[in-house]
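Worksheet: the structure to be examined is printed underneath.
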């Protein structure tokens, strides 16, 4: 099937790393794994962070012009070249889809969304136009793939029939992490040498952007938790940077000598870093599933997260890691301490995590789920 792909919040070609960019790329890969031909239909961003109604009107106008132009372009194609399905990733009130619904309707092709959300409380507020647009897009959708059960409650009632909502497990391309896990000892030796740190102590890993709001809150809880573990051996390796970097580092001032700040690393470096570590720790304040949890588990790491948001969908509490109470530094410290004290537990949970990833959360599994749902559209 020929698929036109669009991500209104951030295109997969963006130069700025983020979870949205990564998931958009992964969805394109999964669609291709399922035997489809995928083309990026537009790089246009509709995202409005601040709730600026004037900007939203301008964005809507541009989006509608682009959709009209795209319709004319597609109509000039041969039948063998035209897209047979439109696929939009991540539709919500701050990033509505002003292109896909218009194009798919004009061309008479199915309109599909992955990760849609509807927030009725945003109606008549700063993002009113985006909220209403997202609602309309969801109502038009022939399928909505949901990767976060939290969104389903408000999305399902908008669909023409309940079976148009299809839950799909969050996923990554796990193979680079599986390969790195096989060479864990070599990766650990290399990282110990590069960072001039001892490999004798357990290494905890944290991977997250440093920006105000939920990310800083998560870092602060992590700092509070680790401060309670000062009597135990550990080293924290932090991958991440951003505008709140000084604030984040200040939160760890009491234990800064036990932290290696690695800044931003290229995606190709990450599997080896994950595999070299002993456990992954991230409090995940108001977190959607969080790709870092998937990457860590694919590399065979036990994790400590939080029992909130989308994290329980991808981390099995007491099996692949621990999910303490949300925003509770004391419980987070206790869970981390269990892994620090027991290397056998770390290994057992890490292997369970790797097995779960292989069966449920990889690109091949996602491709099969997408293809199965598309089969209904052809009937």
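Working carefully through the options 180, 192, 167, find the one that is assigned by TED's automatic domain parsing to the domain that holds residue 288 and under 26 Å from residue 31 (Cβ atoms).
Among 180, 192, 167, only 180 is assigned by TED's automatic domain parsing to the domain that holds residue 288 and under 26 Å from residue 31 (Cβ atoms).
Would you confirm whether or not the stretch 22-35 contains a residue that is part of a loop (DSSP other than H, G, I, E, B) and in contact with a helix residue (DSSP H, G or I) (Cβ under 9 Å, 6 or more places away or on another chain)?
Yes; the residues of the stretch 22-35 include at least one that is part of a loop (DSSP other than H, G, I, E, B) and in contact with a helix residue (DSSP H, G or I) (Cβ under 9 Å, 6 or more places away or on another chain).
Determine whether the stretch 133-149 contains at least one residue that is touching a residue at least 40 places away in the same chain (Cβ under 8 Å), part of a helix (DSSP H, G or I) and exposed (fewer than 15 other Cβ atoms within 10 Å of the Cβ).
yes
Say whether the condition of being at pLDDT 95 or above and buried (at least 24 other Cβ atoms within 10 Å of the Cβ) is met by at least one residue in the stretch 247-262.
yes
So which residues in the stretch 193-225 are assigned to a helix (DSSP H, G or I) and without any contact (Cβ under 8 Å) to a residue 24 or more places away in the chain, if there are any at all?
Listed by number, the residues that qualify are 193, 194.
Condition check ((1) within 20 Å of residue 105 (Cβ to Cβ); (2) at pLDDT 95 or above) across all residues:
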| residue | (1), (2) |
| --- | --- |
| 132 | yes, yes |
| 146 | no, no |
| 163 | no, no |
| 168 | no, no |
| 174 | no, no |
| 180 | no, yes |
| 188 | no, yes |
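From the residues in the stretch 70-95 that are loosely packed, with under 13 Cβ neighbours inside 10 Å and part of a helix (DSSP H, G or I), which one is nearest to the chain's Cα centre (by Cα)?
Applying the filter and picking the extreme gives 73.
Output the residue which, of all residues in the stretch 232-246 that are farther than 15 Å from residue 341 by Cα and not in a strand (DSSP E or B), is farthest from the chain's Cα centre (by Cα).
My answer is 246.
Take the conditions under 19 Å from residue 351 (Cβ atoms) and in contact with a helix residue (DSSP H, G or I) (Cβ under 7 Å, 6 or more places away or on another chain) and apply them to residue 296. Does it pass?
Yes; evaluated as a whole, the condition is true for this residue.
Checking residue 17 against (1) part of a helix (DSSP H, G or I); (2) closer than 21 Å to residue 215 by Cβ; (3) out of contact with any strand residue (DSSP E or B) (no Cβ under 6 Å at 6 or more places or on another chain): exactly one of these is not met. Which one?
Residue 17 satisfies every listed condition except (1).
The values are calculated or read from the model by the stated rules, or taken from the named source; none is laboratory data. Every value quoted in this text rests on a predicted model; they were computed, and no experiment measured them. Note: ideal-geometry Cβ built from the backbone for every residue, glycine included; neighbour counts use all protein chains shown.
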